[in-house]
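Below is one structure; the comments refer to it alone.
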Amino acid sequence: MAPILKISGLSKVYDSGFTALKSVDLEIDKGEIFALLGPNGAGKTTLISIICGLVSPSGGTVVADGHDVIRDYRAARAMIGLVPQELTTDSFETVWATVSFSRGLFGKPKNPAHIEKVLKALSLYDKRDSKVMTLSGGMKRRVLIAKALAHEPEILFLDEPTAGVDVELRRDMWNVVRELRDGGVTIILTTHYIEEAEEMADRVGIINKGELMLVEDKAELMRKLGRKQLRLTLHEPLGALPEALADHGLELGKDGTEIVYTYDSQGERTGITTLLSDLSQNGIRFKDLDTSQSTLEEIFVNLVRNQQ
Ligand SMILES: Nc1ncnc2c1ncn2[C@@H]1O[C@H](COP(=O)(O)OP(=O)(O)OP(=O)(O)O)[C@@H](O)[C@H]1O
């Protein structure tokens, strides 16, 4: 299947001379949720801004469903919805008026049935006659999404969709995004919250210092780079680990009452059987054990740190 968005060799050098993007290549498939992760200043907003035609690239191309975002700007832009971080305008307008207005900006004929569908999908229909300024923060975020969907885009960009919102609202937003995807919209979101990518994304891209370091299926990424840890709670605390166990690369924690063994869950051998028998030979007994898998956050932090 041809990608719905194809970014090739995209670079951006700002007038100041600062290189914000270095030859980024990325293809997005129709109907996926793609999360773009990166620390502050990594180039996420620059990338989205180029795709949406708000910033001009220094090199490379972006094609949205067959339309080049520069040569064929109008057609490309009509494919794309952008949900910015902040609600900037329209506060005195009603929900209905502001969302309808957004559709008009793309030169699309009025379509009250579509506006109604969007408002209903976002649970905003009951609020259609309310002024935007009277809505709660969560409802305002929904209005931003409704505005971005008013012209029936096929690709929706969400720039930090849940920055600064509470946990309950964040989960609520995640459900909204999933429902949109189920309705056929391709979703690309940027986020600082790695938990958000872990929860929602089909694929994850990690950008740092203008370079796309890695693009991977989320589950595959966690499988490949994830490490497992086995924690053993000891019967008797240890002052130090016996020399005989040095090869296992163990860590002694919690005042000597816990041994932590890190292993590669994908490896041929985990080494657990040998470890347990070596522990027993050295008279170390444990009363409890549990295992944990590294999170996307740990993977991300390691990757970015290694690139410093
Ligand atoms: N107009 C500009 N002129 C010069 N440098 C800029 C301009 N806009 C952005 N930059 C720089 O480009 C880099 C990337 O910025 P960008 O906003 O794309 O990052 P980001 O990943 O979106 O960060 P954040 O998560 O903080 O929004 C930053 O170092 C920023 O200072």
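In the stretch 11-65, which residues are farther than 21 Å from residue 83 by Cα, of a type in the set (A, V, I, L, M, F, W, C) and either surrounded by fewer than 20 Cβ atoms within 10 Å (Cβ to Cβ) or more than 12 Å from the ligand (Cβ to nearest atom) (or both)? Passing the criteria: 13, 18. Looking at the structure I just gave you, is residue 236 touching a Lys or Arg at 6+ places or on another chain (Cβ under 8 Å), more than 30 Å from residue 36 (Cβ to Cβ) and not in a strand (DSSP E or B)? Against the criterion (touching a Lys or Arg at 6+ places or on another chain (Cβ under 8 Å), more than 30 Å from residue 36 (Cβ to Cβ) and not in a strand (DSSP E or B)), residue 236 qualifies. Here is a check on your reading of the model: is residue 138 surrounded by fewer than 19 Cβ atoms within 10 Å (Cβ to Cβ) and under 24 Å from the mean Cα position of the chain (by Cα)? Judged against the criteria, residue 138 is a match. State yes or no: is residue 222 in contact (Cβ under 8 Å) with a residue 24 or more places away in the chain, farther than 24 Å from residue 81 by Cβ and touching a Leu at 6+ places or on another chain (Cβ under 8 Å)? Yes. Of all residues in the stretch 203-258, those being on the phi > 0 side of the Ramachandran plot, at pLDDT 90 or above and surrounded by fewer than 13 Cβ atoms within 10 Å (Cβ to Cβ) number 0.
Does the stretch 114-125 contain at least one residue that is exposed (fewer than 15 other Cβ atoms within 10 Å of the Cβ) and not in a helix (DSSP H, G or I)? Yes, the stretch 114-125 contains at least one residue that is exposed (fewer than 15 other Cβ atoms within 10 Å of the Cβ) and not in a helix (DSSP H, G or I).
The values are calculated or read from the model by the stated rules, or taken from the named source; none is laboratory data. Since the structure is predicted, the reported quantities are computational estimates derived from the model, not experimental observations. Cβ atoms come from the backbone with ideal geometry, glycine included; neighbour counts cover every protein chain shown.
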